[in-house]
């Protein structure tokens, strides 16, 4: 049964069982209540049904590595479902770049645009399997590890993923972290 037929049947029943003045007052009250409920849903409930993902990233390098000029690098990515709607994350795309350390060109301070580091040498570009379902409040932490050759510079690590709910991508998530001279710690 379609919802429009249910509404029409209800209005016919209402009309047949009340007097004319009461009928019009009920129709007006019903329309006002429907409008109020719809606007309350749009303003209050609907935003809370959006996919909300908390994501963190931390990076660390450890020496000694397996050889004198190598170190171990660990990227920890944390995901938390901060909303009330479940979602899935199938994979995480991890990227990393190494770039020259910028020096101030004018004055004592220069802003570092992290997106400019992506013009440096790409050192990691891999898809990592996660394949997890996140119920409300659920979280996980994944650590990815590499062996990296020591090079001075700035290292930018980025993790990108899609939160999928009801078979459609609800949110593209990206987090990044950086370190100077990663292997010198």
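The values are calculated or read from the model by the stated rules, or taken from the named source; none is laboratory data. Fair warning: this is a prediction, and the values are worked out from it, not measured in the lab. A quick note on method: Cβ atoms are made from the backbone with ideal geometry, for glycine too, and the neighbour counts reach across all protein chains shown.
Go through the residues of the stretch 42-50 one by one and say whether even a single one is farther than 22 Å from residue 175 by Cβ and at pLDDT 80 or above. No, every residue in the stretch 42-50 fails to be farther than 22 Å from residue 175 by Cβ and at pLDDT 80 or above.
Of everything listed in (1) surrounded by 13 or more Cβ atoms within 10 Å (Cβ to Cβ); (2) in contact with a strand residue (DSSP E or B) (Cβ under 6 Å, 6 or more places away or on another chain), the single unmet condition for residue 116 is (2).
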